[in-house]
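What follows is a set of notes on a single structure, which appears directly below.
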Amino acid sequence: SEIARNVQQTAGSTRMVTDNIVEISRSAQNNGAAATQVMASAGELSRQAETLNHEVAQFLRLVKSA
């Protein structure tokens, strides 16, 4: 009966480890998705900053020529 109990405890522990691995994998996927979103947002922000820079430079040229 002790061997059966040890086998049962080992099976339970193995199940817990498997569940933890699955949870870690899900978390890693979520983090990857979040990182992708951050990169896309940073790219868009960079493009907007570039446009703003161009518009401000154009405005200053107009002000100087007036």
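One table, with the values for the structure above:
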quantity	calculated
Solvent-accessible area per residue, Å², over the chain with all protein chains present [probe radius 1.4 Å]	91 Å²
Candidate values (1) 11.8, 33; (2) 28.4, 97; (3) 12.2, 36, label of the one derived for Rg and Dmax of the Cα atoms in Å	(2)
Accessible area of the chain belonging to carbon and sulfur atoms, whole % at 1.4 Å probe	60 percent
Listed residues 1, 17, 35: farthest to the positive end of the dipole of the chain (Cβ charges)	35
Between 0 and 90°, nearest 10: helix 2-65 axis offset from the chain longest Cα axis	0 degrees
Total charge dipole magnitude, the chain, about the Cα centre, Cβ charges on Lys, Arg, Asp, Glu only, Debye to nearest 20	180 debye
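The values are calculated or read from the model by the stated rules, or taken from the named source; none is laboratory data. Source: prediction; values computed, not measured. Reconstructed Cβ throughout: ideal geometry from the backbone, glycine too, with neighbour counts over all protein chains shown. For accessibility, only protein heavy atoms count, side chains too; no ligands or nucleic acids. Shrake-Rupley method; radii C 1.70, N 1.55, O 1.52, S 1.80 Å.
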